[in-house]
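Here the structure is laid out as structure tokens; the discussion comes afterwards.
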Amino acid sequence: MNGRWLVAHDGTALSEPVLAEAAARAGAHGVGLRVVHALARNRLREDLDWSDGPSAPLTFDDYVADARHEAEASLAAARAQVLVHHPGLDVETLVVPGEPAEAILSAGAPPEILRIVMGTHARRGLRHWMLGSVAEAVIARAPVPVLIVPPHGAGVRNHGE
């Protein structure tokens, strides 16, 4: 195989059609996939709720280790699902520490990575402006073309070709 396409995978249902689209296209182009999950420590810290106190002694590092384990399990399940439909496809998985855009960009460098495939949550208006967009950040800085797979089957868009 000549190179790989990187697929951003956040473990949500929105990742499933992105991975399916990437697998079908990568197989047709004779390339493998690198499926990446970003492990953002800052977001994990925000999600951690100590308001009732921990039910068992748990450090933040334990919480991060649990989140990494969950991400690895999610990626393994995603890889298995791809291989059901594309048994010969070379699929590797990787958990990358960092904020999503930075993690995707760090794992998506050429020459091995030929394209980045990712979804978008399709936020609009003020919410989009306030929260920012991982897809827009990646498109703006990616050293390779980016394929965006929007939710709900709207049209796939290529950027950077």
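General observations
- Inter-label distance, residue 94 to residue 72: 1.7 nm, where each label sits 7 Å from its Cα along the C-beta direction.
- Linear extension gain, residue 121 paired with residue 24, 0.36 nm per residue minus alpha-carbon span: 32.8 nm
- Summing Lys and Arg as +1 and Asp and Glu as -1 over all other residues whose Cβ lies under 10 Å from the Cβ of residue 97 gives a net charge of 0.
Laboratory data are not the source of any read-out in this text; all were calculated from the coordinates shown. For clarity, every value in this text was computed on a predicted model and none was experimentally measured. Every residue, glycine among them, receives a Cβ derived from its backbone with ideal geometry; neighbour counts consider all protein chains shown.
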